[in-house]
Amino acid sequence: MTKRTVSIAELGVNDIPIAGGKAANLGELSSAGFNVPPGFVLTTASYDYFVEKNNLTERVKSALDKVDVSSDRSLQDASASIRKAFDESKIPDDLAAEIVNEYRRLFRNGNKKGYVAVRSSATAEDLPTASFAGQQDTYLNVGDSRELLDKAKKCWSSLYTPRAIAYRASRGFDHDRVKLAVVIQKMVSSDVSGIMFTIDPNSELPHIIIEAGYGLGEAMVGGKVTPDTYVVDKFHKKIINKRVAKQTWKLVRGKSGDSVRVDVGEEAAGSQKLSDEQILALANIGNDIELHYDKPMDIEWCIENDEIFVVQARPVTTLSSNSRSEKAGPKGGREVRIEAQVESKSERKVLVRGLAASPGRAHGRVRLLDESMSLDVIKKGDVLVTVMTTPDMVPAMTRAVAIVTDEGGMTCHAAIVARELGIPCVVGATNATKILAEGSTVTVDGRMGTVYEGVDEEVEEEAGPAIVTGGVPVTGTKILVNIGVPQKAEEYAKLPVQGVGLMRIEFLFTSYVKEHPLALMEQGRSNELVDKLAEGIGIVGRAFYPRPVLVRTSDFKTNEYREMEGGEKFEPRESNAMIGWRGCSRYVSDAYREAFKLELLALKKARDEMGLKNIWVMLPFVRTVDELKKIARMMDDIGLERGKDFKLYLMAEVPCNIFMADEFADHCDGFSIGSNDLTQLIMGADRDSDILAKMGYFDERNEAIKRAIAHLICEAHKKGKAVSICGQAPSVYPEITEFLVRNGIDSISLNPDTVIETMSLVARVEQKIILESIRKA
């Protein structure tokens, strides 16, 4: 016979049928050595005993048989009837005594009044296939045995809240097969609390996403405060992005045990909630939990007096929503299905921007909702707009095609439920409830975090899935892709890459612009040039969003510029254009400076007006630190300033980039090796010479080239700068790939047709390195 009460430490992940998902996972974490607050669980046997002794089964069934899940009123009536029956029932004396004894045992070593959290744990909760976020009740700071018994009873009855009834129906769970356990844990008086994903739930990049806020976590999870967001590179264990939000108040435990709102001091309000050391410590815990479960995890945590506690962990259940799904592939790998999405290329008016919380795009009529209104105002196909969703709004959320909120972060209630339902969601949009007019038609782009005016006619049914067959291994070295033709961006975005390591802007000049930039300026058509370049950049940026896209500014040689319409008037004839007036030397020259500024304006337009903050810049053929400084000033003047969401890379293709890597590194965020030009200039071998190529002079595998690359990686890493490679070498020579990985290159950008094959090679090399280090140890 199942015990009615059991210590959390005695449970494991296989105990979901008796302890529910939350409790079973807490037990699993505790057994694995993670710091979980102590406590005990009222198992489903307690629930069954309470229901049986009070003859509640028939009353519950009778109420549920009458419910219409499409009607808010019907759901409310059924829930009220069931919960009233629970409230009027008594916990049997023997069970009540058992609960009180366990509660007192938690605090037998201290004289202070003991506070506990009383939390629901349903047997269908926190499963690998569903996340019942906020569906049942939780009570914090419960401070005496009488209150504890009352709150346990309320947790049991919360199995039948309107939102829980509606959610189970929408996910196909039978009501009579779901039971409820209750977790009773020592309260942690949190200084800081938050949520952590061990994978980016929106883009599925191998990043650890941490959200943090002051005080108790209920304010953040409920979307009442917007948290800090930190992004950690899982493999390199580096913080790669921070978004610090201002928090003016927090929830703490009051004198009477209830949660009270207190102001945060002015200085602390705008400060980073966690130190960098705490961020990395949390990321390590998250990574360890993922390794233990062997799957991406959604984790709740809190910190008191610098001690980190894990208070919940569940599998991330939304990785298949909209744009991607995974299933087991051969040899333990993954078969990745990536659905194509059709992006609008037309100009659309952006009404509001926020955080991209759940991917996909949908359009519908705006329906403004607040907590005082009936949920029945939300009809099927509406766009639900509110300050922040609450668990009670779930029935309405299931009818909406998209959700937009004023407040919240990417792990708030709205975001979690929207990803679970597979609908677009934009959160933290600040004034959405004031700007979006009731009844107006809008398009919500959950991947971009934007809401557009009107209907996007190009939102169509998704095309059939493109399947990358075979196992796709995880690699510590980032794998990127090279792009020339924007029209291929949607196709290449289906590849399991982490961004674009080289987007050649030259194609936009030859296919979109078709005229010499200076000729267009002379005719007063500068805006036309900016618009066309921005359009082409936007196609790639949207396809890969939020993965970064490194756009290399123009690197035509003078002979290539002369061939453009109107080019002869502006281009000199050079006997050796390959090492002539190209790259950055053009940008700082009086003759071309203003034309280069138009490229920068196009990049700024794509980032600011289209919301594509994933667009970064890479400069080609940089010969001197002085010209780099001049270009950086030009970029700053236009508003392209290096920061958390805008990076400046340099092509490392001139020998001086290698010899002076330490000096160049002071003025950029990273390097990308252009192996073609680097080989040409180190070896003194024309890359276009068939004779020299056949004789073996133009070969990236030459020891001189390898020494140059190794030196660059070493010097760049000393300065904390990343190094990639976008030349042809890794796409052509497997041995170069192994050399690069062994020397610690951060990323490799490949031709699209070699991505899968090279990923497998990189994974094998990394495994070989690990085995070699183990043998040496």
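Condition (residue is small (Gly, Ala, Ser) and buried (at least 19 other Cβ atoms within 10 Å of the Cβ)) applied to segment 631-654: is it met by at least one residue? Yes, there is a match, as at least one residue in segment 631-654 is small (Gly, Ala, Ser) and buried (at least 19 other Cβ atoms within 10 Å of the Cβ).
Are there helices (runs of 4 or more DSSP H) fully within segment 527-636 with at least 1 residues that are among the hydroxyl-bearing types (Ser, Thr, Tyr)? List them.
558-562, 584-587
Selection of helices (runs of 4 or more DSSP H) fully inside segment 1-95 by the criterion of at least 2 residues being in contact (Cβ under 8 Å) with a residue 40 or more places away in the chain and among the basic types (Lys, Arg) returns 72-88. Only residues that are under 16 Å from the mean Cα position of the chain (by Cα), in a loop (DSSP other than H, G, I, E, B) and farther than 16 Å from Pro206 by Cβ were counted across segment 285-318, and they come to 2.
Among the residues here, Lys434 does not qualify as open to solvent by 50 Å² or more (accessible area, probe 1.4 Å), modelled with pLDDT of 90 or more and closer than 27 Å to Leu502 by Cβ. Within segment 197-206, not a single residue is charged (D, E, K, R) and closer than 23 Å to Asn305 by Cα. Looking across segment 524-549, the residues that are over 27 Å from Pro359 (Cα atoms), open to solvent by 20 Å² or more (accessible area, probe 1.4 Å) and not charged (D, E, K, R) come down to Gly524, Ser526, Asn527.
Here is a yes/no grid of residues against (1) of a type outside the set (A, V, I, L, M); (2) at pLDDT 90 or above; (3) in a strand (DSSP E or B):
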residue	(1), (2), (3)
Val188	no, yes, no
Met196	no, yes, yes
Ile209	no, yes, yes
Gly213	yes, yes, yes
Met220	no, no, no
Lys273	yes, yes, no
Glu277	yes, yes, no
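Annotation: of all residues in segment 710-722 being farther than 14 Å from Phe739 by Cα and touching a strand residue (DSSP E or B) at 6+ places or on another chain (Cβ under 6 Å), the one that is least open to solvent (accessible area, probe 1.4 Å) is Ala716. Of all positions in segment 589-596, none carries a residue that is of a type in the set (Lys, Arg), open to solvent by less than 30 Å² (accessible area, probe 1.4 Å) and over 28 Å from the mean Cα position of the chain (by Cα).
Looking across segment 695-709, the residues that are touching a helix residue (DSSP H, G or I) at 6+ places or on another chain (Cβ under 8 Å) and either in a helix (DSSP H, G or I) or open to solvent by 60 Å² or more (accessible area, probe 1.4 Å) (or both) come down to Tyr697, Arg701, Ala704, Ile705, Lys706, Ala708, Ile709. Ser731 satisfies every condition listed in (1) at pLDDT below 90; (2) farther than 21 Å from Met651 by Cα; (3) in a helix (DSSP H, G or I) except (2). Selection of segment 245-254 for residues being assigned to a loop (DSSP other than H, G, I, E, B) and either charged (D, E, K, R) or open to solvent by less than 60 Å² (accessible area, probe 1.4 Å) (or both) yields Ala245, Lys246, Gln247, Gly254.
Residues in segment 16-46 that are crowded, with 23+ Cβ neighbours inside 10 Å and over 21 Å from Cys302 (Cα atoms): Ile16, Ala19, Gly20, Leu42, Thr43, Thr44, Ser46. For Ile279, the conditions (1) closer than 21 Å to Asp306 by Cα; (2) open to solvent by 40 Å² or more (accessible area, probe 1.4 Å); (3) out of contact with any Asp or Glu (no Cβ under 9 Å at 6 or more places or on another chain); (4) touching a residue at least 40 places away in the same chain (Cβ under 8 Å) all hold with the exception of (2). Considering the conditions (1) open to solvent by less than 30 Å² (accessible area, probe 1.4 Å); (2) touching a residue at least 60 places away in the same chain (Cβ under 8 Å); (3) out of contact with any strand residue (DSSP E or B) (no Cβ under 7 Å at 6 or more places or on another chain), Pro620 is excluded by exactly one of them, (3).
Taken over segment 383-409, the residue count meeting the criterion of being more than 18 Å from Tyr167 (Cα to Cα) and open to solvent by less than 10 Å² (accessible area, probe 1.4 Å) is 7.
Taken over segment 286-315, the criterion of being closer than 18 Å to Asp233 by Cβ and buried (at least 19 other Cβ atoms within 10 Å of the Cβ) is satisfied by Gly286, Ile289, Glu290, Pro296, Met297, Ile299.
Gly567 fulfils the conditions (1) under 33 Å from the mean Cα position of the chain (by Cα); (2) crowded, with 16+ Cβ neighbours inside 10 Å except for a single criterion, (1).
The values are calculated or read from the model by the stated rules, or taken from the named source; none is laboratory data. Because the structure is a prediction, the values reported are computed rather than measured. Neighbour counts run over all protein chains shown; Cβ positions are idealised from the backbone, glycine included. Calculation scope for accessible area: heavy atoms of the full protein, side chains included, ligands and nucleic acids excluded. Shrake-Rupley method; radii C 1.70, N 1.55, O 1.52, S 1.80 Å.
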